[in-house]
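Visitor: I'd like to ask some things about the structure below.
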Amino acid sequence: MSRGGQKIGRRKFLKGAAVGAAAVSSTAISNAQDAESADHQHVPSDIALRVKALETVLTEKNLLDPSALDEVVDQYENRIGPQNGAKVVAKAWVDSDYKARLLDDGTAAIGELDLLGRQGEHMVVVENTTEVHNLVVCTLCSCYPWPTLGLPPTWYKSSAYRARAVIEPRAVLLEFGLEVSDETEIRVWDSTAEMRYLVLPRRPEGTEDMNEEELADIVTRDSMIGVAVL
């Protein structure tokens, strides 16, 4: 990237973007979080109404099979989502051999559970420890591991998060309610179209007697992105 004939590094560009967004970034991330958690019991938006109208027209003209559409909706509502990533995490917690394979080759290990797919073909898993906390971002757009985490949350796609997570990760995490000590190193991983990341959270204390299924129930999406801990 260049400006006036002078080359600008990616990190320098991101830093400039972060400075420009700083005045409104906290509000932007907060608003994105609020929008995601808002109650959806309201009048459909214009876009939703247009989509429904288009669906009706295409169905009437036999250009769209409603059952095929229902299959896609069911896929993302019930079969693709953070519950899949939680299964990966829980298995790693109870099976040390699987954990070693997961950290060595995330793609192959996740494939063992048949959880690979579009937007998640190539995976790297990074482990949180007492010394290191990992945070995932996509600085260019919103690359995200759909098969293991579902669709990306609104705040993950926001320009504020994408710019600031690289430059000031501690401040960003604090806005999510997570305070990371100065003694803990924060590593930020930039997902791309070629490679997506999944955080392996630390197993909470007091869960020694829980089985794999019970452990999967306590794993959250945000902990696998790195903006929360368990």
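Visitor: Search the range 174-230 for residues being part of a strand (DSSP E or B) and among the charged types (D, E, K, R), and hand back the single one that is surrounded by the most Cβ atoms within 10 Å (Cβ to Cβ).
Guide: This residue is R196.
Visitor: So L149 clears everything in (1) of a type in the set (A, V, I, L, M, F, W, C); (2) over 30 Å from S96 (Cβ atoms); (3) in contact with a helix residue (DSSP H, G or I) (Cβ under 9 Å, 6 or more places away or on another chain) except one condition, right? Which one?
Guide: Against the list (1) of a type in the set (A, V, I, L, M, F, W, C); (2) over 30 Å from S96 (Cβ atoms); (3) in contact with a helix residue (DSSP H, G or I) (Cβ under 9 Å, 6 or more places away or on another chain), L149 comes up short only on (2).
Visitor: Name the pairs whose Cβ atoms lie under 8 Å apart, with the first residue in the range 112-129 and touching a residue at least 60 places away in the same chain (Cβ under 8 Å) and under 9 Å from P145 (Cβ atoms), the second among the hydrophobic types (A, V, I, L, M, F, W, C) and surrounded by 15 or more Cβ atoms within 10 Å (Cβ to Cβ), and 6 or more positions between them or separate chains?
Guide: Final answer for the pair search is Q119/C143; Q119/W146; G120/I110; G120/W146; M123/I110; M123/L116; M123/M195; M123/L198.
Visitor: Still on this structure, I have one more. Here are some conditions: (1) farther than 30 Å from D74 by Cβ; (2) surrounded by fewer than 18 Cβ atoms within 10 Å (Cβ to Cβ). P169 meets all but one. Which one does it not meet?
Guide: (2)
Matching residues to (1) at pLDDT 65 or above; (2) exposed (fewer than 15 other Cβ atoms within 10 Å of the Cβ); (3) within 21 Å of V124 (Cβ to Cβ):
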{"residue": "S2", "(1), (2), (3)": "no, yes, no"}
{"residue": "A32", "(1), (2), (3)": "no, no, no"}
{"residue": "H42", "(1), (2), (3)": "no, yes, no"}
{"residue": "S96", "(1), (2), (3)": "yes, yes, yes"}
{"residue": "L103", "(1), (2), (3)": "yes, no, yes"}
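Visitor: Further question: Would you mind stating whether A193 is modelled with pLDDT under 95 and either in contact with a helix residue (DSSP H, G or I) (Cβ under 8 Å, 6 or more places away or on another chain) or on the phi < 0 side of the Ramachandran plot (or both)?
Guide: Criteria met by A193.
Visitor: Quick test for you: out of A216, A228, pick the one residue that is small (G, A, S), within 21 Å of S96 (Cβ to Cβ) and touching a residue at least 40 places away in the same chain (Cβ under 8 Å).
Guide: Going through A216, A228 in turn, just one is small (G, A, S), within 21 Å of S96 (Cβ to Cβ) and touching a residue at least 40 places away in the same chain (Cβ under 8 Å): A216.
Visitor: Of all residues in the range 124-160, which are more than 21 Å from V89 (Cα to Cα), surrounded by fewer than 19 Cβ atoms within 10 Å (Cβ to Cβ) and of a type outside the set (D, E, K, R)?
Guide: Listed by number, the residues that qualify are L140, C141, S142, T154, S159.
Visitor: Let me ask something else. Give the range 105-143 a look and list any residue that's part of a loop (DSSP other than H, G, I, E, B), within 28 Å of L174 (Cα to Cα) and at pLDDT 95 or above, or say none.
Guide: Answer for the range 105-143, where residues must be part of a loop (DSSP other than H, G, I, E, B), within 28 Å of L174 (Cα to Cα) and at pLDDT 95 or above: N128, T129, T130, E131, C138, T139.
Visitor: For the range 86-120, what are the residues that are hydroxyl-bearing (S, T, Y) and within 15 Å of Y197 (Cα to Cα)?
Guide: Passing the criteria: only T107.
The values are calculated or read from the model by the stated rules, or taken from the named source; none is laboratory data. The model shown is predicted, which means the values in this text are computed figures rather than measured ones. Positions of Cβ are generated from backbone atoms using ideal geometry, with glycine treated the same way; all protein chains shown enter the neighbour counts.
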